[in-house]
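To start, the structure itself, in structure tokens.
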Amino acid sequence: MKLRKSIFGISCVLFGMMLLSGCQKQTKMTLPPVSHKTLTAMVISDDHVIAPSLHDNGKAFTQYAANDAGADLKYSATIFRAFIAKALITKPDVVLISGDITNNGEKASHEYVAKQLRRLTAKHIRVYVVPGNHDLNNPIARRFKGKHQYSTEATSPTQFKKIYHQDGYGQASETDPSSLGYLVKPSKHTWFLMLNSAIYKSNYQQGNSTVGGGLTDGTLQWLTKVGKQAKQAHATLIPVLHHNTMDHTVIHQDYTIGYAEDVRKAFTTAGIKLSLSGHIHAQNIKSTKVKNQSLTDIASGALILGSHYYGTLKINQSNGTATYHATPLNVSAYIKHHRGNKAMRAYQKYDHDVLYAAGYNAALSQLYEDRDETQLSSAKVNQLARGMAAANIALFRGTPVKNSAAIQAWQQMPHNTSLRGFVLATKKLHGNVTWSGSVQ
């Protein structure tokens, strides 16, 4: 490798500036800073893309996809292309992706995503990515053919940085010495702190990816340093990371970042008022007070399921305020345009059924397990399962579940009934789709 680089370097010197520019493919890439008053960012998370080359839609893949917790894995690449098409129309200043870019960290899937993202960077749309818990050193990276699944090449941290050189790493003004984190400055007044909260070093030893996440002491020290720089520059600093910085729903174990209180304190000390995360798959916005300062965490709903949300963050660079709105991606329209009505209807059915089944089957399993104690009839179990399915969809959507007879049936169950608290909590969902506030 050293010899090859030396030869290539000598060639550049000998053959002039044209070849010299060719030697700089992995150097820092810059665009003119955003100078207009409002900086606009499109925000997505949990794309979970599997490259089309890794499956044939055969029996093994179909069975695997049907048990993927409600995700539209069969359509993951299509959904991502639909987002790219929307971004090309919208033309934001920035696209932010807060991790779980791929299904299980397959190198081919990362390369597929990066190829799609080049369509944005070619139009001078800045793209910044961070890894999620699925994306690196994943021992269960798989490809599928016919009735079988096989191991496929996963992605190392070094490969990740190279693959996404055009999508953040090549634009970094500085990097975190302790992780894959980096700082980008798309404008003089707005900086994004792309933090690596994924834990992946022991994945191969344990045989799976680590769901929980955290920031090292070194990363927190670097964060503090960057916060001081932002204050001196009078810049708004917004961190983007995969794991949530506070509890968003009744299910939060391994979704909220480790030592969350310390992270929130570090954010507040750095002058941070807004963070962008994902991981939990549910569209949810939470705020808290830290040292009498307001801190908000917007957890983006997973692009791969439910409403297929993308967020639009508009930052007023003059007064340091911002607005956010989550919008459902119209995947049906994209499929209709490219593949016709029949394909669109097939997608719509699959899209609904796979998410509905995830909640329904989870409830059936739990309710039948408890049936000796509850003595519920089959009709009642099925009614409650329908309520759970509706509640699950509402959780990911971030808006209240409709107070149907199935939901009322949960209300009438004993307070200690499994899943009751989860279902009824979805009646109170609010304030998760829009947000406005100060970011500086």
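Scan region 132-157 for residues that are closer than 15 Å to Tyr204 by Cβ, in contact (Cβ under 8 Å) with a residue 24 or more places away in the chain and either touching a Gly at 6+ places or on another chain (Cβ under 7 Å) or assigned to a loop (DSSP other than H, G, I, E, B) (or both) and the total you get is 13. Checked against the criteria, Ala60 counts as assigned to a helix (DSSP H, G or I), more than 16 Å from the chain's Cα centre (by Cα) and modelled with pLDDT of 65 or more.
Checking every residue in region 422-439 against the condition of being aliphatic (A, V, I, L, M), closer than 30 Å to Leu276 by Cα, surrounded by fewer than 18 Cβ atoms within 10 Å (Cβ to Cβ) and within 31 Å of the chain's Cα centre (by Cα) gives at least one match.
Criterion applied to Thr219, Thr269, Thr236 was being modelled with pLDDT of 95 or more, surrounded by fewer than 17 Cβ atoms within 10 Å (Cβ to Cβ) and in contact with a Gly (Cβ under 7 Å, 6 or more places away or on another chain), and the one residue passing it is Thr269. Remark: pairs (first residue in region 305-329, within 11 Å of Thr38 (Cβ to Cβ); second residue at pLDDT below 95 and assigned to a strand (DSSP E or B); Cβ separation under 9 Å; 6+ apart in sequence or on different chains) are absent. For Ser287, the conditions (1) within 22 Å of Lys231 (Cβ to Cβ); (2) in contact with a Lys or Arg (Cβ under 8 Å, 6 or more places away or on another chain) all hold with the exception of (2). For Thr210, the test of being part of a helix (DSSP H, G or I) and either under 15 Å from Phe267 (Cα atoms) or within 17 Å of the chain's Cα centre (by Cα) (or both) is failed. Considering only region 119-131, I want to know if a residue exists there that is touching a Ser or Thr at 6+ places or on another chain (Cβ under 8 Å), without any contact (Cβ under 8 Å) to a residue 60 or more places away in the chain and part of a loop (DSSP other than H, G, I, E, B). Among the residues of region 119-131, not one is touching a Ser or Thr at 6+ places or on another chain (Cβ under 8 Å), without any contact (Cβ under 8 Å) to a residue 60 or more places away in the chain and part of a loop (DSSP other than H, G, I, E, B), which makes the answer no. Taking region 330-440 and the helices (runs of 4 or more DSSP H) fully enclosed by it, the elements with 3 or more residues that are of a type outside the set (Gly, Ala, Ser) and touching a residue at least 12 places away in the same chain (Cβ under 8 Å) are at 331-339, 341-369, 378-397, 405-411, 420-425.
Can you name the number of the only condition in (1) at pLDDT below 95; (2) farther than 27 Å from Thr62 by Cα that Leu429 fails? Every listed condition holds for Leu429 apart from (1). Taking every residue in region 241-262 that is touching a residue at least 60 places away in the same chain (Cβ under 8 Å) and surrounded by 14 or more Cβ atoms within 10 Å (Cβ to Cβ) and pairing it with any residue that is among the β-branched types (Val, Ile, Thr) and in a helix (DSSP H, G or I), at least 6 positions away or on another chain, the pairs with Cβ-Cβ distances below 7 Å are Ile257/Val263.
When region 290-308 is filtered for residues that are surrounded by fewer than 24 Cβ atoms within 10 Å (Cβ to Cβ) and part of a strand (DSSP E or B), the ones remaining, listed by number, are Val290, Gln293, Ser294, Leu295, Thr296. In region 335-390, the qualifying residues are those that are within 30 Å of Lys86 (Cα to Cα) and among the charged types (D, E, K, R), and the one that is surrounded by the most Cβ atoms within 10 Å (Cβ to Cβ) is Asp351. When Glu111 is tested against (1) buried (at least 19 other Cβ atoms within 10 Å of the Cβ); (2) of a type in the set (Asp, Glu); (3) assigned to a helix (DSSP H, G or I), exactly one condition is not met: (1).
Would you confirm, using the coordinates I've provided, whether Val211 is over 18 Å from Thr296 (Cβ atoms), modelled with pLDDT under 95 and surrounded by fewer than 20 Cβ atoms within 10 Å (Cβ to Cβ)? Spelling it out, it is not the case that Val211 is over 18 Å from Thr296 (Cβ atoms), modelled with pLDDT under 95 and surrounded by fewer than 20 Cβ atoms within 10 Å (Cβ to Cβ).
In region 247-266, what count of residues is obtained for those that are out of contact with any strand residue (DSSP E or B) (no Cβ under 7 Å at 6 or more places or on another chain) and of a type in the set (Ser, Thr, Tyr)? Qualifying residue count for the region: 1. When we screen Tyr169, Tyr204 for residues that are among the aromatic types (Phe, Trp, Tyr) and surrounded by fewer than 20 Cβ atoms within 10 Å (Cβ to Cβ), the only hit is Tyr204. Ser179 meets all of the listed conditions (1) under 16 Å from the mean Cα position of the chain (by Cα); (2) assigned to a loop (DSSP other than H, G, I, E, B); (3) closer than 30 Å to Ala322 by Cα but one, namely (1).
The values are calculated or read from the model by the stated rules, or taken from the named source; none is laboratory data. Given the structure is predicted, the values throughout are model-derived calculations rather than measurements. Methodologically, a virtual Cβ is constructed for each residue, glycine included, from the backbone with ideal geometry; neighbour enumeration extends over all protein chains shown.
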